[in-house]
Each structure stands twice: as structure tokens, then as C-alpha cells.
Amino acid sequence: YYFFFGANDVHQGEVGGIGVAVADKPEGPYKDLLGKPLISDIVNGAQPIDQFVFKDKDGSYYMYYGGWGHCNVVKLKNDFTGIEPLADGTLYKEITPEGYVEGPYMLYRNGYYYFMWSEGGWGGPDYKVAYAMSKSPLGPFKRLATVLQQDPAIATGAGHHSVIHSASDDKYYIVYHRRPLGETGANHRVVCIDRLFFDKDGHILPVKMTK
């Protein structure tokens, strides 16, 4: 079991970044795999945080990451001890779409790669999730629409999500955090889950937040 994590709110020259730990059972205990960060440098302007590891249908592992309005994708070695060159020979590929702030997520469904991310400021009411579709895990990713945003009747600050696919009944769920109505503290957030739906053309429909 491999646990990828962000260590410290790292800036260039500081100690921290994206690490990886390993254990022989999901509850741990976990031991650092490398003894150093997997990624510690600021590359293409992307702070090394908010990592998401995606296993492609050919067995390759890609990691999408980045804060500060920039997103990179790297290809992981199969043993997760480092990164290896992409097909074009580069180690880091910037794939930042319009509006991107942080929180990348990748989903594969019916021949399409759905790249999703958070926009706006997590401490305010305008936090939201948008998405793009591509035939390749490396993009290009052009912003299509907003998937999740505040609902004045339910909650504000909805974003930084993940997706669960229930294979037994082919249902999708979005897991995210939001700020309850009346709460003003930037760090007061609750974890929520709602259904995620697609139309007949494969586009993601706007999420209806519920209680």
C-alpha cells in the first residue's frame, strides 16, 4: 500500500513537497519509501501539493499535482521510487487549463479522460470544480464547464473533490468539502458526498448539492 502525501506548505529552497510512504496493510504503519521527497522543486510554477495518482488502462501510473494556479503531470516509475520521462523525453508536462487553481483529479470513462480541478479561493464562497475531456491522459485539456459550485440554499465554498465509481451499479459519486451556511471561518469545512451524473454525450452534468 502506497500513501502519497504533501509535506509542509513548501516554497523553493524549503524542505517538503510530495512524498510517498509504504506499508503492508492499509492502516499502516507507513514508512517513507525514499527518505526524501518524490518531488520537492517548484517546476512550471506548480507548488508540489495536491497530488493525485492515476492508473491508466495500460497499467502506467501518472501523477497530477500542483497549486498556485499551475498543474503538472509526471509519469511514475512502476515501483513509485521516482518519475520517468514521458514519450517526448520530458519529465514534467504542464497541463494547466483555464481557471485552474488546485486540486487536480483524473477519471477515465467510456474512452474519455476527464480532468477535473478546483477554481477560486478555498477560503471564500466562490470555490468550485470544473472539468475538461480528452482522448489522452496528457491532454490537451480545454475547460468545458463548472461541475460543482455553491448553492445559496445549501452551502458555500464547494470544491477540492474526488470521485467514487460504484462498479456494481455503475453509479458515480463526488466527494468534496463545503462550508455550511452561516459559517464564516475559512477553515470550517465539512466533507460531503453527492451523485455525479453524465449526459448521453458523456458530458458531466452540474452537481445538485443535497443535505
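The values are calculated or read from the model by the stated rules, or taken from the named source; none is laboratory data. Note that the coordinates shown come from a computational prediction; the quantities given were computed from them, not determined experimentally. A quick note on method: Cβ atoms are made from the backbone with ideal geometry, for glycine too, and the neighbour counts reach across all protein chains shown. Ligands, DNA and RNA are stripped out before the accessible areas are found, and what is left, the full protein with its side chains, is counted by its heavy atoms. Shrake-Rupley method; radii C 1.70, N 1.55, O 1.52, S 1.80 Å.
Miscellaneous remarks
- Measuring r between the beta carbons of Tyr112 and Val15 and using R0 = 25 Å, the FRET efficiency lands at 0.05.
- Note that segment 70-80 has calculated 3J(HN,Hα) couplings of 9, 10, 10, 10, 10, 9, 8, 5, 5, 9, 6 Hz, one per residue in order, obtained from phi through the Karplus relation 6.51 cos²θ - 1.76 cosθ + 1.60 (θ = phi - 60°); glycine and proline are x.
- Segment Glu183-Leu138, extension gain: residue separation times 0.36 nm, minus the distance between their alpha carbons: 12.3 nm
- Working from label points 7 Å from Cα in the Cα-to-Cβ sense, the Leu86 to Lys36 distance is 2.4 nm.
- Shape analysis of segment 1-125 yields a ratio of the Cα radius of gyration to the Kirkwood radius, Rg/Rh, of 0.96.
- Take every Cα pair under 8 Å whose residues are at least 6 apart in sequence, average their separation, divide by the length of segment 69-211, and the relative contact order is 15 percent.
- Filter on Lys142/Lys200; Lys25/Lys142; Lys55/Lys211; Lys75/Lys142; Lys77/Lys135; Lys36/Lys135 - keep pairs with C-alpha separation over 29 Å: Lys25/Lys142; Lys55/Lys211; Lys36/Lys135
- Accessible area (Å², 1.4 Å probe, nearest 10) - Asp79: 80
- Carbon-plus-sulfur accessible fraction, the chain (probe radius 1.4 Å, protein heavy atoms only): 52%.
- Alpha-carbon Debye profile of the chain, log10 I(q)/I(0) at 0.10, 0.14, 0.15, 0.18 Å⁻¹: -0.45, -0.90, -1.03, -1.40
- Excluding ligands, DNA and RNA, the accessible surface per residue across segment 28-81 is 45 Å² with a 1.4 Å probe.
- Seen from Cys192, the other residues with C-beta closer than 13 Å to its C-beta sum to a net charge of +4, counting Lys and Arg as +1 and Asp and Glu as -1.
- Whole-Å distance, taken between Cα centres, linking segment 148-190 and segment 1-49: 26
- Residue-level accessible surface for Tyr92, protein heavy atoms, 1.4 Å, Å²: 60
- Ranking Trp117, Trp68, Trp122 from most to least accessible surface, computed with a 1.4 Å probe over the protein chains only, gives Trp68, Trp122, Trp117.
- For segment 1-149, the dipole from Cβ point charges (+1 on Lys and Arg, -1 on Asp and Glu) about the Cα centre works out to 480 debye, to the nearest 20.
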